[in-house]
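A.B. asks: First, the structure itself, so that you have it in front of you.
All of the numbers you see were taken from the coordinates with simple rules; none came from a lab. Predicted, not measured: the structure shown is a model, and the values here were computed from it. When we count neighbours, we look across all protein chains shown, and the Cβ atoms used for this are built from the backbone with ideal geometry, even at glycine.
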């Protein structure tokens, strides 16, 4: 496994389009068909605190390579969306 440096950060609304491109790439690789549009990303984010429950992962060249959204429902928290660009899978780690 090749190690790479990544940067984990909080996304801004400017990242919504990049997430909209990332998620279908992941879903297509995993399931065979994309299922998300920009309005879906914005709708998910409208009910989330971007400073607490959403993460973006950038590659060394600052291109978005991963994304995660933690959904909070009362006292429960669960990962409701998470993906890593297929070409970047296995690049980070020990």
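A.B. asks: For residue 72 and residue 8, calculate 0.36 nm times their separation in residues minus their Cα-Cα distance, and state this gained length in nm to one decimal. Mind showing how you got there, number by number?
C.D. replies: On the way: separation 64, 0.36 × 64 = 23.04 nm, distance 2.02 nm.
The span from residue 72 to residue 8 would gain 21.0 nm if fully extended.
A.B. asks: Within the P(r) computed for the stretch 8-85, what percentage of the Cα pairs occupies the region above 17 Å?
C.D. replies: Numbers: 1248 of 3003 pairs.
I get 42 percent for the Cα pairs in the stretch 8-85 exceeding 17 Å.
A.B. asks: Once you put a point 7 Å from the Cα of residue 46 and another 7 Å from the Cα of residue 27, both along the Cβ direction, what distance in nm separates them?
C.D. replies: 1.8 nm
A.B. asks: With the contact rule set at Cα under 8 Å and sequence spacing of 6 or more, what percent relative contact order holds for the stretch 8-85? Don't skip to the answer; put the middle values down first.
C.D. replies: Numbers: 110 pairs, mean separation 24.3, N = 78.
Relative contact order, the stretch 8-85: 31 percent.
A.B. asks: Round to the nearest 0.05 the FRET efficiency obtained for residue 63 and residue 35 when R0 = 25 Å and r is the Cβ-Cβ distance.
C.D. replies: Values: r = 22 Å, r/R0 = 0.90.
E(calc), rounded to 0.05, equals 0.65.
A.B. asks: Show me the ranking of peptides 29-37, 57-65 by mean Cβ neighbours inside 10 Å, starting with the highest.
C.D. replies: On the way: 29-37: 11.6, 57-65: 15.2.
Going by the mean number of other Cβ atoms within 10 Å, highest first, we get 57-65, 29-37.
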